[in-house]
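> One structure coming up, written as structure tokens, with questions to follow.
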Amino acid sequence: QTGYSTLDTGFVNTAATKSAITYIDGDQGILRYRGYPIEQVAANSTFLETAWLLIYGELPTADELASFDERIRRHTLLHEDLRRFFDALPATAHPMSVLSSAVGALSTFYEDTTDVHDPEQIELQTIRLLAKLPVIAAYAHKKSLGQAFLYPDNSLSFVDNFLKLNFGTMAEPYVVNPVLSKALERLLILHEDHEQNASTSTVRLVGSTEANMYSSISAGISALYGPLHGGANEAVLKMLADIRDSGQGVARFVERVKNKEEGVKLMGFGHRVYKNYDPRAKLVKESADEVLAALGVKDELLDIALELEQVALSDEYFISRRLYPNVDFYTGIIYKAMGFPPRMFTVLFAIGRLPGWIAHWREMNLDKATKIGRPQQLYVGSPARDWPTDH
Ligand code: SDX
């Protein structure tokens with residue numbers, strides 16, 4: 001848009017950060033990636049095509065997409081010393097801690113971080129992160145299982161390469177499962193960007209200091225880890241299992257939420273921006289039934305989630321607070337059906353969100369007018385006073 005600079009960069013000292021990447025209308029439940037409604041993107045695109053759209057602003061030509069895919073495949077191998085980094089970790093390490101540490105370490109392995117405004121270095125970091133984050137994630141998963149790491153198989157698509165790294169073993173050939181591939185592709189697309197959420201704002205704030213892209217995104221991964229943000233998808237599964245295992249039932253649990261019992265929240269519900277149904281949650285819920293049926297999985301946690309949603313959406317407490325299911329409410333049930341352990345759910349969120357983080361970091365740093373971020377403060381402390389003479 002002319003005269004509408006998206007590059008006031010970072011945290012401008014006015015009410016809002018300007019960006020041209022994603023638009024959300026929380027009241028209407030609208031989400032658009034570079035102007036395209038999320039429903040149409042999820043129905044027609046692939047993870048890498050959507051990543052290109054978010055990062056470069058327009059849909060790629062067939063040649064551009066093929067070359068993007070090819071460059072990413074060529075960078076899937078991790079530096080052998082980075083593979084050894086995992087040997088130092090305990091098998092109990094949470095994969096999100098592993099992810100933020102390993103991504104931060106990428107800047108020690110590659111020389112492409114000396115000039116954060118250099119377009120060539122920015123391009124190289126973009127490709128390296130998209131190629132290597134899924135591999136790092138799969139190695140964190142394998143480490144927790146005590147299983148041997150596989151090497152990437154570049155004859156496979158982006159999503160199938162990732163699935164093979166997680167579920168393939170050294171003992172037998174990996175068979176691509178199109179149901180898994182299609183379901184994961186769609187879920188990753190739904191997570192690719194969400195304007196100024198906590199983790200993206202973190203990436204922008206760190207990036208606005210001219211820290212390199214790897215370090216900025218490592219900080220974003222740490223922000224996403226929290227249960228109020230990306231960690232909610234893992235917390236939802238725990239909540240549903242607690243309702244099942246405690247025998248308390250949905251109605252009793254909802255009462256405990258309404259009584260604001262310590263630490264009892266309806267995880268996967270509520271949103272700072274959406275005061276209507278999160279359009280992504282609607283799409284995930286639609287595919288939950290389809291994916292579980294196609295995988296031949298019957299999960300009573302899905303039945304509990306559906307009952308929980310029905311009870312909450314007819315209860316004045318939630319209606320008056322405009323609390324609806326968000327993107328995290330149903331995703332964990334599908335990830336679990338795919339075979340991922342709950343501790344990997346937020347890692348899958350991070351892989352999905354990576355293109356958005358990259359797009360926002362680039363939106364700031366490809367223009368030399370980057371202003372360092374400095375969120376405003378409202379001082380509410382003591383007025384000026386003198387030091388006590390007797391102290
Ligand atoms: C994500 O920002 C993004 O875009 C994030 C995200 C993305 O794509 O990047 O969409 C991904 O993080 C989704 C949100 C995942 N988190 C959860 O599901 C955790 C559970 N949700 C809540 O913690 C909460 O809803 C937040 C953190 C998501 C939003 O909090 P807000 O907007 O600050 O809302 P609030 O805390 O001011 O709550 C308003 C009222 C309060 O009640 P009262 O004090 O008015 O009596 O609603 C209540 C809250 O107690 N409330 C909830 C609730 N969420 C809010 N009560 C029970 N369960 C909940 N989940």
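Bear in mind these aren't lab numbers, they're just calculated from the coordinates by the rules spelled out. Everything quoted here is computed from the prediction, not taken from an experiment. Every residue, glycine among them, receives a Cβ derived from its backbone with ideal geometry; neighbour counts consider all protein chains shown.
> With n ≥ 4 as the cut-off for DSSP H runs, can you work out [θ] at 222 nm for the chain, using -39500 (n - 2.57) per run divided by the number of residues, rounded to the nearest 500? Numbers along the way, then the final one.
On the way: 17 runs with 215 residues, N = 391.
Value at 222 nm, helices only: -17500 deg cm²/dmol.
> Report the calculated FRET efficiency for Glu261 and Arg74 (r = Cβ-Cβ distance, R0 = 51 Å), to the nearest 0.05.
Numbers: r = 53 Å, r/R0 = 1.03.
The formula returns an efficiency of 0.45 here.
> Using the per-residue mean of other Cβ atoms lying within 10 Å as a proxy for protection, in what order, highest first, do the peptides 143-151, 271-279 fall?
Ranking, from highest mean packing down: 271-279, 143-151.
> First measure r as the distance between the Cβ atoms of Ala198 and Thr389, then evaluate 1/(1 + (r/R0)^6) with R0 = 51 Å and state the FRET efficiency to the nearest 0.05. Numbers along the way, then the final one.
Details: r = 45 Å, r/R0 = 0.89.
Efficiency at R0 = 51 Å is approximately 0.65.
> Could you work out how much longer the chain between Ala93 and Glu120 gets when fully extended? Use 0.36 nm per residue separation minus the Cα distance between them, nm to one decimal. List each step's numbers first, then the result.
Numbers: separation 27, 0.36 × 27 = 9.72 nm, distance 3.47 nm.
Between Ala93 and Glu120, full extension yields 6.2 nm more.
> With only Lys, Arg, Asp and Glu charged, each at its Cβ (+1 for the first two, -1 for the last two), find how big the charge dipole of the chain is about the Cα centre; round to the nearest 20 debye.
Working: 39 positive and 49 negative charges, 123 e Å.
It works out to roughly 600 debye.
> A further question on this structure: Compute the signed sum of charges (Lys and Arg +1, Asp and Glu -1) over the other residues within less than 12 Å, Cβ to Cβ, of Tyr139. Working shown, then result.
On the way: positive: Arg83, Arg84, Lys132, Lys142, Lys143; negative: Asp87.
Net charge around Tyr139: +4.
> Still on this structure, please answer the following. With the Cα gyration tensor of segment 251-391 in hand, convert its eigenvalues to equivalent ellipsoid semi-axes via √(5λ) and list them largest first in whole Å. Please list the in-between numbers first.
Details: eigenvalues 295, 140, 45 Å².
Values for segment 251-391, descending: 38, 26, 15 Å.
> Something else now. What FRET efficiency, computed as 1/(1 + (r/R0)^6) with R0 = 30 Å and r the Cβ-Cβ distance, is obtained for Gln248 and Asp27, rounded to the nearest 0.05?
E(calc), rounded to 0.05, equals 0.30.
> Using DSSP H assignments, which helices in the chain have an axial alpha-carbon span of 27 Å or above and a mean Kyte-Doolittle hydropathy of -0.5 or higher? Write down the numbers at each step before the final one.
Values: long enough: 119-145 (39 Å, 0.17); 345-365 (30 Å, 0.37).
Sorted by number, the helices that extend far enough and score high enough are 119-145, 345-365.
> In addition: Quick one: Debye curve from the alpha-carbon atoms of segment 22-81 only, equal weights, vacuum; give me log10 I(q)/I(0) at q = 0.20 Å⁻¹ to two decimals.
-0.78
> Taking just the alpha-carbon atoms of segment 45-134, what radius of gyration and Dmax come out, in angstrom?
14.9, 44
> Give me the orientation-averaged projected area of the Cα convex hull of the chain, in nm², one decimal.
Numbers: hull surface 98.2 nm².
About 24.5 nm², averaged over all directions.
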